[in-house]
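Engineer: Once you've had a glance at the structure underneath, I'll fire off some questions.
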Amino acid sequence: MSSKMLFYILKRVLLAILTIWIVITVTFFVMHSVPGGPFVGEKAISKEAQAALEAKYGLDKPLWEQYTTYLEDIVTRFDFGPSLKQRGRMVIDIIMDGMKTSAKLGIIAACYAAVLGITLGAVAALRRNTLLDKTIMVITTAFVSMPSFIMGSFLLIIFSTKLGWLPANGASQGGLILPIITLGLYPMAYITRLTRSSMLDVLGQDYIRTARAKGVSGGKIIFGHALKNSLIPVITYFGPMLAFIVTGSMVVEQIFAVPGIGRQFVSSITNRDYTMIMGTTIFLASLIVIMNLVSDLLYKAVDPRIEFD
Amino acid sequence: MKKLLALVLALVMAMSCVVFASAEEATSIAVCLSSEPDTLDPALNSAVDGATMLAHLFSGLATWSTDENGKLVIVAECAEELTEGVVNEDGTVTYTYTLKDGLTWSDGKALTANDFVFAWKRAASTALGADYGYMFEVVKGYPDELAVEATDEKTIVITLNNAVAYWNELLAFPTYFPVREDVVASEAWATEAATYVCNGPYTMSDWAHNSVITLSKNPNYFKADTVTMDKIECYLSDDANNMLANFENGDWLLIDDVPTAEIANLKVNYPEEFVIAGQIGTYYVCWNVNEEILPEGCELTGAEAEAARQEIRNALGLLLDRNYICDEIGQAGQVPASSFVAMGLTDADGSEFYKNTGVSEDFVGYYNTTVEAIDANWDAALTVLEKYYTVDEATGMFTNFPAMEYLYNTSEGHKAIGEYLQSAFAAVGINMTLVNQEWNTFLNTRKDGQYSIARNGWLADYNDPICFLDMWTSFSGNNDVQYGKGAHADLAMYNLDLTAFGYDIKVENGTWAETYDVLINTIKTCTDNEARYAMMHVAEDMLMATGCIVPLYFYTDIYMIDDSVEGFYSNPLGYKYFMNCTITK
């Protein structure tokens, strides 16, 4: 690894830490400025009890002190504290619990999206303007434009309610099939379209014509030159997409009752579960920052012409 | 050869054992009550779905059950019997309970009177800050010096401030369930099956967070032979559409929520399985008592102005067609409400409290909610409004009613009701805009009184009207109307005469704190049951006269249950009981 690259990675890591710190700070203060609180319920508890709870979780201290204590706990002990709403559970445990399912779902969905997307995209490009190409394009346009809550409900009604083939809840392994399909359809369609256009672009390049003229076999041109070079935009997309998909989708999790992290994230906000809001935000932000960094590094591997600066 | 034969025979025997075993397979039921409960610590829980699970996991001194006619009754559970209290000289009442023999925790350790004493003191304490800590309000020494003690291993002595009609019901309430000190020492005890120690018909065998909680029959339960259902799987879903999909494909046999938009279809398609059960609660609209609704330039001030506002608020309530709200918007068998204390709460003589309220022989409650009365109500309302507001002769509309905002929490159902109110008021020229807020913000805004009119609702925690009345004292944390707060605190215009009940209390032109607060305190310490209920009617009369509380309907509990399930029952608080269920298919 060159020193230039090391320097680049170091710079990006520092930048990532800065980004996460900004996310923490903004979230922390915005969150506390929103009306309501973790101990507000339909049936009010006494002022004394409220005060006792606030003291227990340190919410009675000045906001600035709460902020510095929070940062200190994270940096020195990687301690995200207890959930304020799910009494007795630690934030990190809740996140890990949700991530077990979300990550499984996300990784499988991302993999099938990438494999199918690249294949279909390449096929469509190579069979440009044939019926096959047009069929692929129509279907992917439909998947790209259809929101996941419609797609999910649609699959649920057909495969679960009408045909009864698959369970409608994510408590069992079989129940994860439909959410995986739903999660992956959009990125798959998007990748198909990306690959197709990028492949067409590459196929029109001079070096492909040269290779053809030199008598290189069709297979080698496609897999050795065209496909590899047309994957750069796919990689740009794949990194952040993987981060998003792995961190769960509230909509899909809700439709299929999947015990993922997405639902937790949303309910923590409604509940004003401050520590959970912070924990999930930091976690999701870090993942996205890391995935971005990884995909940037991957460019280099695919296209040596790209320079780090 | 013999060896081979023996082997084959042995195999056949083994196989038949397997077949036999599977024929005797444990019965189990899959249900979905709600999403992941915040807690399954009996002291901390305040949700109905949590209470249902706790009712299967724990045994209190008393429990809800059904008698031979299928009627709901409260019976002794851990206690030998539900004893009568002994009235002390100072008016306090002492109850002494003896625990049954041989009671144990799910881990085999003996259950003692001390476990109850510890659990109650813990649940009531300020330090724990439980939502339902106030369920111990009736106990002497609440919150931190509860008058409860274990005189020996099996005897619990507890002293209440005064006789409480619903005391046995409280003993069956989850907040009163026992917990063991060494178990709850770690706050995480109630978050996973491994550390969850209970004493009820079931134990928690697994908790896959956000997914499913599995309850298995507790062999250590003292009445284990009466439990017919071996396993209950409580699936966790927060989406009514998802619940319905799982019900329709036969995976879940009971779901406790259905999509509002589907109710009309479900009633037709599942006439037997779609159930509308009674629930003790009232959906209502509340006014901010300090909101100015008199027209600009009105010269009334102080008590006179408030008297006018009372009249106007009551008149506006008459403009609403509650039958339309129940039949067209709610669609779940809700009952139009003409009083605040909900249907289902009983009066001193055992009759329905709400049927004994009101002002007229001709109808139940404070106004007539029948379809026939709509025109008369409308005319009566207009007559009042015409006294205070200018009418445009050409259109018949009021022109100088101040613009108002209706605050509700984001939900399709609440929005539909808001839009109905808006259109009903618009029909007489009153301009009301709708504002929705996300739940937590909404609660905060409403509690702080930063609204003019707001959506509201209240569910009973036990069968006593006081739980609908004590929330309106000036010092209550649930006093969203802001009675006795702000400008209203100084308005001396309320009368209270309790001399007929043997009290030396007669206030004329007093403030809310001098009248209503005093009335509620008197009710809470009253030992004469009849007088107590009569005074609760007085309290409701006072509330309804202010016009700040506009009841719309009494809640119902809707759920779907597969017709193969037998032996199921639920109570008016919405708890569902599966322990005596069998599955016939």
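The values are calculated or read from the model by the stated rules, or taken from the named source; none is laboratory data. Every value quoted in this text rests on a predicted model; they were computed, and no experiment measured them. As a convention, Cβ positions derive from the backbone with ideal geometry for all residues, glycine included, and neighbour counts pool all protein chains shown.
Engineer: Hey, B:Gly250 hits all of (1) more than 10 Å from chain A (Cβ to nearest Cβ); (2) on the phi > 0 side of the Ramachandran plot but one; which does it fall short on?
Structural biologist: B:Gly250 satisfies every listed condition except (1).
Engineer: Enumerate the pairs (first residue in the range B:120-135 and farther than 14 Å from A:Ala52 by Cα and within 10 Å of chain A (Cβ to nearest Cβ); second residue anywhere and surrounded by fewer than 23 Cβ atoms within 10 Å (Cβ to Cβ) and of a type in the set (Lys, Arg)) with beta-carbon separation below 7 Å, excluding pairs fewer than 6 apart on the same chain, so at least 6 apart or on different chains.
Structural biologist: none
Engineer: Can you name the residue in the range B:174-192 that is away from chain A (no Cβ under 12 Å) and exposed (fewer than 14 other Cβ atoms within 10 Å of the Cβ) and, of all such residues, is nearest to B:Leu61 (Cα to Cα)?
Structural biologist: Once the filter is applied, the top-ranked residue is B:Glu181.
One line per residue, one yes/no per condition, for (1) part of a helix (DSSP H, G or I); (2) among the hydrophobic types (A, V, I, L, M, F, W, C):
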position: A:Leu6; (1), (2): yes, yes
position: A:Arg12; (1), (2): yes, no
position: A:Ala16; (1), (2): yes, yes
position: A:Trp21; (1), (2): yes, yes
position: A:Ile24; (1), (2): yes, yes
position: A:Val30; (1), (2): yes, yes
position: A:Lys43; (1), (2): no, no
position: A:Glu48; (1), (2): yes, no
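Engineer: Quick one: B:Met343 ticks every box in (1) at pLDDT 95 or above; (2) crowded, with 22+ Cβ neighbours inside 10 Å except a single one, so which number is it?
Structural biologist: (1)
Engineer: When the range A:230-282 is examined, which residues are found to be away from chain B (no Cβ under 14 Å) and within 23 Å of A:Ile150 (Cβ to Cβ)?
Structural biologist: Residues satisfying the conditions are A:Tyr237, A:Met241, A:Phe244, A:Ile245, A:Val246, A:Thr247.
Engineer: For residues that are among the small types (Gly, Ala, Ser) and either at pLDDT below 90 or not in a helix (DSSP H, G or I) (or both), scanning just the range A:286-309, find the one that is farthest from the chain's Cα centre (by Cα).
Structural biologist: Looking at the filtered set, the residue picked out is A:Ala301.
Engineer: Every residue in the range B:349-371 that is of a type in the set (Gly, Ala, Ser), part of a loop (DSSP other than H, G, I, E, B) and more than 20 Å from the chain's Cα centre (by Cα), please.
Structural biologist: Within the range B:349-371, just B:Ser360 meets the criteria.
Engineer: Still on this structure: Considering only residues of the range B:41-65 that are away from every other protein chain (no Cβ under 14 Å) and assigned to a helix (DSSP H, G or I), which is farthest from B:Ser216 (Cα to Cα)?
Structural biologist: B:Asp49
Engineer: Given the criterion crowded, with 18+ Cβ neighbours inside 10 Å and part of a loop (DSSP other than H, G, I, E, B), identify the matching residue among B:Asp480, B:Asp470.
Structural biologist: The conditions single out B:Asp480.
Engineer: Here's a follow-up. Within the range B:233-255, track down each residue that is buried (at least 24 other Cβ atoms within 10 Å of the Cβ) and outside any helix (DSSP H, G or I).
Structural biologist: Answer for the range B:233-255, where residues must be buried (at least 24 other Cβ atoms within 10 Å of the Cβ) and outside any helix (DSSP H, G or I): B:Cys234, B:Tyr235, B:Ser237, B:Trp252, B:Leu253, B:Leu254, B:Ile255.
Engineer: Hey, can you tell me all the residues within the range B:350-375 that are exposed (fewer than 12 other Cβ atoms within 10 Å of the Cβ) and not hydroxyl-bearing (Ser, Thr, Tyr)?
Structural biologist: B:Gly350, B:Glu361, B:Asp362, B:Glu372, B:Asp375
Engineer: While we're on this one: How many residues does the range B:485-509 contain that are on the phi < 0 side of the Ramachandran plot and part of a strand (DSSP E or B)?
Structural biologist: 7
Engineer: Being in contact (Cβ under 8 Å) with a residue 24 or more places away in the chain, of a type in the set (Ser, Thr, Tyr), in contact with a helix residue (DSSP H, G or I) (Cβ under 9 Å, 6 or more places away or on another chain) and in a helix (DSSP H, G or I) narrows it down to one of B:Thr151, B:Thr175, so name that one.
Structural biologist: Of B:Thr151, B:Thr175, the one residue that is in contact (Cβ under 8 Å) with a residue 24 or more places away in the chain, of a type in the set (Ser, Thr, Tyr), in contact with a helix residue (DSSP H, G or I) (Cβ under 9 Å, 6 or more places away or on another chain) and in a helix (DSSP H, G or I) is B:Thr175.
Engineer: Take the residues in the range B:276-312 that are of a type in the set (Val, Ile, Thr) and assigned to a loop (DSSP other than H, G, I, E, B); name whichever of them is nearest to B:Leu552 (Cα to Cα).
Structural biologist: Result: B:Val289.
Engineer: Could you give every pair whose Cβ atoms fall below 7 Å, whose first residue belongs to the range B:353-370 and is aliphatic (A, V, I, L, M), and whose second residue is in a loop (DSSP other than H, G, I, E, B), counting only separations of at least 6 or pairs across chains?
Structural biologist: As it stands, the answer is B:Val359/B:Tyr366; B:Val364/B:Ser338, since those pairs meet every condition given.
Engineer: Buried (at least 18 other Cβ atoms within 10 Å of the Cβ) and under 30 Å from B:Thr104 (Cβ atoms), is that true of B:Tyr283?
Structural biologist: Against the criterion (buried (at least 18 other Cβ atoms within 10 Å of the Cβ) and under 30 Å from B:Thr104 (Cβ atoms)), B:Tyr283 does not qualify.
Conditions tested, residue by residue: (1) surrounded by 16 or more Cβ atoms within 10 Å (Cβ to Cβ); (2) without any contact (Cβ under 8 Å) to a residue 12 or more places away in the chain; (3) touching a Gly at 6+ places or on another chain (Cβ under 8 Å); (4) of a type in the set (Lys, Arg).
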residue	(1), (2), (3), (4)
A:Arg196	yes, no, yes, yes
A:Gly224	no, yes, no, no
A:Ile255	yes, no, yes, no
A:Ile261	yes, no, yes, no
A:Val266	yes, no, no, no
A:Leu287	yes, no, no, no
A:Ser295	yes, no, yes, no
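Engineer: Does any residue of the range A:130-138 turn out to be in a loop (DSSP other than H, G, I, E, B) and farther than 30 Å from B:Val212 by Cβ?
Structural biologist: yes
Engineer: Next up: Could you check, for the range B:138-151, whether at least one of its residues is more than 14 Å from chain A (Cβ to nearest Cβ) and closer than 17 Å to B:Glu169 by Cβ?
Structural biologist: Yes; the residues of the range B:138-151 include at least one that is more than 14 Å from chain A (Cβ to nearest Cβ) and closer than 17 Å to B:Glu169 by Cβ.
Engineer: Output the qualifying pairs, or none if there are none: Cβ atoms under 6 angstrom, residues six or more apart or on different chains, first residue in the range B:408-436 and within 23 Å of B:Ala394 (Cβ to Cβ) and without any contact (Cβ under 8 Å) to a residue 40 or more places away in the chain, second residue assigned to a strand (DSSP E or B) and not hydrophobic (A, V, I, L, M, F, W, C).
Structural biologist: The qualifying pairs are B:Met432/B:Tyr406.
Engineer: Identify, please: which residue in the range A:154-179 is touching a helix residue (DSSP H, G or I) at 6+ places or on another chain (Cβ under 6 Å) and not hydrophobic (A, V, I, L, M, F, W, C) and is, among those, surrounded by the fewest Cβ atoms within 10 Å (Cβ to Cβ)?
Structural biologist: A:Thr161
Engineer: Could you say whether any residue in the range A:74-90 is in a helix (DSSP H, G or I), over 30 Å from B:Gly477 (Cα atoms), free of Cβ contacts under 8 Å to residues at least 12 places away in the same chain and of a type outside the set (Val, Ile, Thr)?
Structural biologist: Looking through the range A:74-90, at least one residue is in a helix (DSSP H, G or I), over 30 Å from B:Gly477 (Cα atoms), free of Cβ contacts under 8 Å to residues at least 12 places away in the same chain and of a type outside the set (Val, Ile, Thr).
Engineer: Do you know which of the residues in the range B:195-216 that are within 13 Å of another protein chain (Cβ to nearest Cβ) and over 27 Å from the mean Cα position of the chain (by Cα) is surrounded by the most Cβ atoms within 10 Å (Cβ to Cβ)?
Structural biologist: B:Ala208
Engineer: Go through (1) away from chain B (no Cβ under 13 Å); (2) modelled with pLDDT of 90 or more for A:Gly219 and report which single condition fails.
Structural biologist: Of the numbered conditions (1) away from chain B (no Cβ under 13 Å); (2) modelled with pLDDT of 90 or more, the odd one out for A:Gly219 is (2).
Engineer: Would a scan of the range A:33-46 turn up a residue that is at pLDDT 90 or above and outside the structural domain of A:Ser267 (by TED's automatic domain parsing)?
Structural biologist: yes
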